[in-house]
1. Tell me the label-point distance for the pair A:Tyr698, A:Trp319, using the 7 Å Cα-to-Cβ offset, in nm and rounded to one decimal.
2. Assuming 0.36 nm per residue, please report the length gained on full extension of the stretch A:Ile479 to A:Trp337 beyond their Cα-Cα distance.
3. For region A:187-273, with all protein chains present and a 1.4 Å probe, just round the carbon and sulfur fraction of the accessible area to a whole percent.
4. In peptide A:494-506, how many Cβ atoms from other protein chains are near each Cβ within 10 Å, on average?
5. Can you give the local net charge around A:Thr423? Use residues other than it whose beta-carbon is closer than 11 angstrom to its beta-carbon, Lys and Arg +1, Asp and Glu -1.
6. In the full protein assembly as shown, how much of A:Tyr704 is accessible to a 1.4 Å probe, in Å² to the nearest 10?
7. Give me the extension gain from A:Arg45 to A:Asp525: residue separation times 0.36 nm, minus the current Cα-Cα distance, reported in nm with one decimal.
8. Residues with beta-carbon under 14 Å from that of A:Thr246, excluding A:Thr246: net charge, scoring Lys, Arg +1 and Asp, Glu -1?
Amino acid sequence: MTEGTEVKIPVRGIGIRHKARASIALIGNPNAGKSTLFNRLTGLRQTTANFPGVTVEKHLGTVQLANSAFNLVDLPGIYSLDGISVDERIAVDVTLGRVPGTQRPSGLLVVIDATHLYQGLYLLEQLLELQLPTMVVLTMIDAATANGISIDVAALQDALGGIPVYPVSNISGHGLDELKDGLEHITDVTVPSIPASWPELSETAQQLAQQLGADWQRIDVIQALLKTHPDYAGKLGKQLGSETVTELRVRLFGDAPPAAVEARRRYQWVKSVISNVQDHAPLYEKMGARLIRWTNKPWPATLLFFAVLLLVFQAVFTWATPMMDVIDSASSELGRWLVTQLGNNAFSSFLADGVIAGVGSVIIFLPQILILFLFIIVLEDTGYLARTSFLMDRVMRSVGLSGQSVIPMLSSFACAVPAIMATRVIPDRRDRIATILAAPFMTCSARLPIYALLIAAFVPDQSVGWMNLQGLVLFALYILGILGGLGTALLLKSSALRGPKPHFMLALPEFRTPNIQTVAIKLYDRGRIFLKRAGTVIFVVAILVWTLAYFPRMDTSQSPPATLLTESVDQTSIINSQAAAQMEQSWLGRIGRTIEPVFRPLGWDWRVSSAVVAGFPAREVVVAVMGTIYAVGSEADDQRLSEKLRSAKWPDGRLIFTLPMVLGLLVFYAWCLQCAATLATIRRETNSWRWPIFAWTYMTTIGYVGALIIYQVGSVL
Amino acid sequence: MTLADLSPGDSAKLDKIDTADPGVIRLMILGMVEDITVRMENIAIGGDPLEVGFFGSSVSLRKEQARHFKVTRITSVPST
């Protein structure tokens, strides 16, 4: 790749900086190689921001050419301008200049996968109606050659009415220099005024747009006629009279749905173009291709799916552990060091137990999240994720969802926040919301510490057959989460979110080797988004919990706790019992005592209640709060805390942590929505308070009721 | 005969498409229109969904939508 290194740049450069750069939209089918091209064209001169009002990230980059520069916007992949998922709609709206605060593109760079000319040309024909300067990049040329496809680029260019077409190899980058040279003049390209695929529609719309006046573009009229944009359709009816519009529609579409007619007309044209410009020589299939074809067959594919799943879980939970341990001990060491440096006072406690512990509790999830994302991105880029949806559709259908909910559900085993963001690809809003509400039930990594603590303390470490009882209980908790999630989806889909049966249609991309640069950039991007979204919330929550536990301060002039008088106790246990006494009279302790009657039927005393209350904003703090409350220190190892829990008693001497109470507590943790970051994400993604409030109330209720039933029934037995 | 009746490896020409189902229109936008030749690539365990190939693309759809595509079977070559 040659960057312009000519000496005359300074003079030119100044000129460019003074005038506003043109904005070019990069647009194409999903998996057409857009991201790779975007990265190649912009290098690392790119930023990610949010489109105003929506949660879809926009990727902006600068393309520096020898003599000029322009901004490039990378948009989610689409098949047509009738996009239905959130991702697709934003791509369409940006392209059409309908997003406030986003510059209407002054040109389009349309990416077409040479092995998928058919769908690529369809989208291109729709885009030509925008009458913007347009260039075509034909990607995956090498893949096409490998498949025995040859394309006559000159003939294709002719068929498209002279629009420049640049073939580029996705592996070697061959053809990129020619493309860059061509891009210097992108805004000068004139596109045919009437695209060839459906002249009647283009002409009718053109005439109407002129007749209707300045606030109508031709594409607006087309979308109004096709009814693919309800607002414009309504506006057109008002301005022309509904009879005229009906008449126009009958003339153009007969009695068939307009979108179906558009598909028929344009694809018919596309088909004839392909037969002229593309030659497909049957090739002997290579070994690799045959292997992949075999692994796509139902049984091998399903077995492979479970193998991949196992590998991902193994990676997320095993490979991440050393990194998480390092982060954990680093943040507590740093905290301890600060306290020794600054002395034990409110400020050092705020820094150590509030700020540092807060930051630590965010970044501790990063290793797992990054490993999970790495797998998801690689699987996405190889085209395997789509196939996963295909394989699991049958299962998801039984709860009223489709295969497209599988990926978000799987992601939420690490963390519900990225999982909820991953639901954007689900086209149906009802399906999407049902998936969003099911995702927080899955056993996320923040639940694991409390599971580990309670299981280690109360489930005997013995074998059941060839399995370990503790492992079995953990497995049961995972199943409990899955059942909770799927049950919720089923319940919602058959009540509040009842709707027509979800369709499941998905283009299944063929296997591709992922591009390392693209994977790295995507990984960095998603990690950053996680830190920003979840990080800010968890951080604020950690500070809040610290404040509640730290204030008001205990009156130190009060008589010292009885333990101080015994000689045998060491310094640490004195500090720990002081901390416990402080916790008891802190706001958190008082809240725990106040709320204790609510949780009494579940068999919880004020200590457990306080820890649970502290966990509502972020469940990962629970173990630390329990450590403090039970006077073993927040950094104590599980073993000492386990002993304390096992011997904790009610005033009348009965044990608090009985088996029914512990099982109830586990069920409560499995089902309860104790995560402010998840609530904030639900709020953001559904754009309403209704769903987060519903999710919280619903999950807390069934968590409570589940724990209540288990405790009460178990205590009687 | 409809698309839903094909076995893996069958090729068929799409004859007539019933556009009453909005899901069918989504498939038409992906290129499943009259007069093209499609190939039944795979059928998931449980008999649904289906994977149909045409013009180098693969699309998955449910049987429910596949029934709206009337087809003529051309050849039956079991997939390798």
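1. It works out to 3.4 nm between the two label points.
2. Full extension of this stretch gives 47.0 nm more.
3. Values: 2000 of 4180 Å².
C and S fraction of accessible area: 48 percent.
4. Numbers: counts 0, 0, 0, 0, 0, 0, 3, 4, 2, 11, 8, 13, 7.
What the average comes to for A:494-506 is 4.
5. Values: positive: A:Arg424, A:Arg429, A:Arg432; negative: A:Asp87, A:Asp428, A:Asp431, A:Glu685.
Local charge sum for A:Thr423: -1.
6. Solvent-accessible area, nearest 10 Å²: 60 Å².
7. Numbers: separation 480, 0.36 × 480 = 172.80 nm, distance 1.38 nm.
Answer, rounded to one decimal: 171.4 nm.
8. Details: positive: A:Lys227, A:Lys238, A:Arg249, A:Arg251; negative: A:Glu243, A:Glu247, A:Asp255.
Around A:Thr246, the charge tally is +1.
The values are calculated or read from the model by the stated rules, or taken from the named source; none is laboratory data. From a predicted model like this one, the values you see are computed outputs, not experimental measurements. Don't worry about glycine lacking a Cβ; one is built from the backbone with ideal geometry, like all the others, and counts go over all protein chains shown. SASA here: full protein model, heavy atoms, side chains in, ligands and nucleic acids out. Shrake-Rupley method; radii C 1.70, N 1.55, O 1.52, S 1.80 Å.
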